[in-house]
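Report on one structure; see the data block that follows.
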Amino acid sequence: MSVLFTFPGQGAQKPGMLHALPEHPETARTLAEASAALGREVLALDTEAALRSTVAVQLCLLVAGVAMARVLAAHGAAPRMVAGLSIGAWPAAVTAGVLPFADAVRLVELRGRLMEDAYPSGYGMTAIGGLTRQQLEPLVAQVHGPGHEVYLANLNAPRQIVIAGQADGMLAVAELALAQGAQRAERLAVPVPSHCELLDAQSRTLACAMDQVALARPRITYISSSQARALFDGPRIGADLAANMARPVLWADTVRHAWERGTRLAIEMPSGSVLTKLTAPEFPDGVALSCEGSRLDSLVQAIREA
């Protein structure tokens, strides 16, 4: 039975998330490498104030994911597959050996800055629960227009979809969705309109920077959540990483693909348990766990026995 490590996206961040990582030599190594690549102390990025910045959030999720995966691997509990949602694709690619961690740190810093500079305010993402894509899509089309740009962004589950775009446009879609029977419409802690064409230009800039990095064939299976399929070529994974900020997330399909490839145990890297809750329904005979709230020795045992 294969083990899948999942890496969460923006919105999963929490104050103190880097300080909450296990005390372990691999954690210390990861924090030191990140600080060296940034030229400043990475532990300063997980304060409540710092996490108001998209740059800090994305860097913290990268560092936390890589550190936890390294800690588990050091205990003989490594994955056979990896998949990440949005920024989570970056620590997934590092864990798969596609690009060096230091390069990922510098590229993720650029990624966050490109997104933040393009949309400093007035945009974001909203989760709609209880409607299918077929029900929500016409509501988005009804609202979308100049000054009210709004798009389907994350297809996380059959009835858990995230929209992205301009704030008033999202609010209008949310009101229509609730009137049509949606169970919830919640603005997420993501201040940029990720996973839609509003970030096309920024993704092209990031792709140019990615071209300067040496990319390797993955040592383990890397599953793209933008394509819901495994990719086995370093440059193709690099292109996928650069483009994913402007492409919809197909999380439910990604998890099903991992299941079809033999995964029966999914372990979510820090922080939070959002992906665990989304993954569990797609694993009817398997197990989905999150590192947060689980003992390290219990996680190691579960992975070794899988």
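The values are calculated or read from the model by the stated rules, or taken from the named source; none is laboratory data. All values derive from a computational prediction rather than experimental measurement. Neighbour counts run over all protein chains shown; Cβ positions are idealised from the backbone, glycine included. Ligands, DNA and RNA are excluded from the accessible area calculation, which covers all protein heavy atoms including side chains. Shrake-Rupley method; radii C 1.70, N 1.55, O 1.52, S 1.80 Å.
Residue-wise test of (1) in a helix (DSSP H, G or I); (2) among the aromatic types (Phe, Trp, Tyr); (3) at pLDDT 95 or above; (4) within 18 Å of the chain's Cα centre (by Cα).
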position	(1), (2), (3), (4)
Tyr222	no, yes, yes, yes
Ala239	yes, no, yes, yes
Asn244	yes, no, yes, yes
Thr254	yes, no, yes, yes
Leu265	no, no, yes, no
Asp285	no, no, no, no
Being more than 25 Å from Val192 (Cβ to Cβ) and at pLDDT 95 or above narrows Ala96, Ala102, Ala64 down to just Ala96
Sort through Gly16, Gly11, Gly76, Gly39 and tell me the only one that's at positive phi, at pLDDT below 95 and out of contact with any Phe, Trp or Tyr (no Cβ under 9 Å at 6 or more places or on another chain).
Gly11
So, restricting to strands (runs of 3 or more DSSP E) that lie completely within region 86-202, which ones have at least 3 residues that are more than 17 Å from the chain's Cα centre (by Cα)?
123-129, 184-187
What's the total number of residues in region 258-297 that are closer than 22 Å to His75 by Cα and open to solvent by 60 Å² or more (accessible area, probe 1.4 Å)?
6
Are any residues in region 123-148 open to solvent by less than 40 Å² (accessible area, probe 1.4 Å), touching a residue at least 40 places away in the same chain (Cβ under 8 Å) and closer than 19 Å to Val192 by Cβ, and if so, which ones?
Gly124, Met125, Thr126, Ala127, Ile128
Among the residues of region 92-100, is there at least one that is out of contact with any Pro (no Cβ under 9 Å at 6 or more places or on another chain) and surrounded by fewer than 24 Cβ atoms within 10 Å (Cβ to Cβ)?
yes
Kindly establish whether Val94 is closer than 21 Å to Val190 by Cβ, in contact (Cβ under 8 Å) with a residue 12 or more places away in the chain and among the aliphatic types (A, V, I, L, M).
no
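Condition (residue is open to solvent by 70 Å² or more (accessible area, probe 1.4 Å), of a type in the set (S, T, N, Q) and within 22 Å of Val3 (Cβ to Cβ)) applied to region 221-230: is it met by at least one residue?
The answer is yes, given that some residue of region 221-230 is open to solvent by 70 Å² or more (accessible area, probe 1.4 Å), of a type in the set (S, T, N, Q) and within 22 Å of Val3 (Cβ to Cβ).
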Failed condition for Thr27, given (1) modelled with pLDDT of 95 or more; (2) farther than 20 Å from Ser294 by Cα; (3) open to solvent by less than 40 Å² (accessible area, probe 1.4 Å):
(2)
Could you check, for region 54-65, whether at least one of its residues is touching an Asp or Glu at 6+ places or on another chain (Cβ under 8 Å) and open to solvent by 10 Å² or more (accessible area, probe 1.4 Å)?
no
